[in-house]
1. Expressed in nm², what is the orientationally averaged projection area of the convex hull enclosing the Cα positions of the range 61-145?
2. Over all alpha-carbon pairs in the range 24-64, figure out the percentage whose distance exceeds 13 Å.
3. Report the chymotrypsin sites (Phe, Trp or Tyr not before Pro) located in the range 231-286 that are in a DSSP loop and have at most 14 other Cβ atoms inside 10 Å of their Cβ, or state none.
4. For the chain, what is the relative contact order in percent, using Cα pairs closer than 8 Å and at least 6 residues apart in sequence?
5. Please compute, over every Cα-Cα pair in the range 266-381, the percentage with a separation greater than 24 angstrom.
6. Hey, got a sec? Which GluC sites (Glu not before Pro) in the range 249-316 land in a DSSP loop and have at most 14 other Cβ atoms within 10 Å?
7. When DSSP assigns beta bridges and you keep just the ones with both residues in the chain, what percent turn out antiparallel, to the nearest 5?
8. Which of the three applies to the range 220-287, rounded, prolate or oblate, going by the alpha-carbon gyration tensor with a ≥ b ≥ c and a/c under 1.5 meaning rounded?
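What follows draws every value from the coordinates through simple rules; no lab data is involved. Just so you know, these numbers come straight off a predicted model, no measurement behind them. Glycine gets a Cβ as well: all are built from the backbone with ideal geometry, and neighbour counts include every protein chain shown.
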Amino acid sequence: MQTITILGSTGSIGTQALEVAEKHNIGVRALAAHSNTKLLAEQAKKFGAEYACIFREDKAEELEALLKGTGIKVLCGAEGLKQTARLKVDKLLNSVVGMVGLMPTLEAIEAGNDIALANKETLVAGGDLVMERAAEKGVKIYPVDSEHSAIFQCLQGNDRRQLDKIILTASGGPFFGKKREELADVTVAQALAHPNWSMGNKITIDSSTLMNKGLEFIEAMHLFALRPEQIEIVVHRQSIVHSAVQYKDFAVIAQLGVPDMKIPIQYALLYPERIECPTGELSLTDIGTLTFGKPDYATFDCLTACIEAARAGGILPAAVNGANEAAVRAFLDGKIKFLEIGELVTAVLRNTKNRPADTLEAVLAADRAAREYVLTKTADR
Ligand code: NDP
Ligand code: MG
């Protein structure tokens, strides 16, 4: 039996990972969340965790009270999150949302814990540092993101050197086919209504702006050591083909399945094992038609900004990611309009002086400056 830790256990990915853990009797050593003490305590008790970590320090007492008499140790704050990541386990699932996931990823690598990575912002902002350190420490990073899991699956059993390019599929989100002028008055509820996937709020907004695909473009470059020209983005409305790879002989291998994150989560946790997953079976005849098209780069400027940042490298990916995190927060809080997300991300891209992302300080400073830019621009709202 293997043992895991889950950072972000109360979220969309975290709760689905616990379903997988329950089905296959995977041991849970520690769980961490941001502020949802009630669910975190329930999970820690149910799975017999040794540690429960709550990021918000003012919630630690509440968690202590909920876990009284269980023997489960409580950790809190950024320090607690780092400590949780360092606990020795077979795999650490990082499914927190946002750049806050970077520190625990680096801590897990230092501790020699293999990582199942859902937290894509970590790789977008600090991918150079993370991948280099993971290689030095011999730590493996298993992708959880469905597209990256698909690519990882399509690479199995083939010679990596014979890979030509990857085909990264995108659902197109709820606003597929719309032009900019039609998106001016989009509401939060409309942006949160994703056609195929049920996910946390931040990534659902990212899917509606196609920022998510831009982040995934950069995530793929790091995970699979690709150049930007080796990635083709294809809009595939049904989210059945989760991505594909093309080899030098032009053979294309794709991975298909129902749009359910439990499949990639389970593959990342149990790799290379393939056993029954708590999800439905794919029926191609029920689906009937699969469609493919090109993304609309002019309307979805977040995607364009990410690709430009990816090509430039350095701190620009951290800058666009930081700008987006702050802009999405402002949109969810009703402070800015939908199209302003892309405008702010693009403005930060234009206003950031690039430099190498070779130190943690450089990455964190770029992230901070980007957030400050967005906060300043939206302060009076
Ligand atoms: P959710 O918003 O549903 O969940 C986020 C989780 O992270 C919650 O458990 C939250 O705790 C926790 N969290 C947030 N901040 C902190 C912190 N500072 N310290 C500790 N825990 C924290 O997000 P998702 O599950 O949708 O997404 C998680 C990550 O996975 C994102 O990076 C996303 O891009 C990626 N991803 C998600 C997919 C999906 O289908 N959902 C698909 C592919 C990638 P609390 O509940 O207390 O707030
Ligand atoms: Mg994805």
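1. Orientation-averaged projected area of the Cα hull: 5.9 nm².
2. Percent of Cα pairs beyond 13 Å in the range 24-64: 45.
3. Hits after loop and neighbour filter: F250.
4. Here the relative contact order equals 15 percent.
5. Of all Cα-Cα distances in the range 266-381, 47 percent exceed 24 Å.
6. Taking the range 249-316 and a limit of 14 other Cβ atoms within 10 Å, the loop GluC sites (Glu not before Pro) found are E273, E276, E281.
7. 25
8. Oblate is the answer for the range 220-287, as a/c is 1.5 or above yet b/c matches or exceeds a/b.
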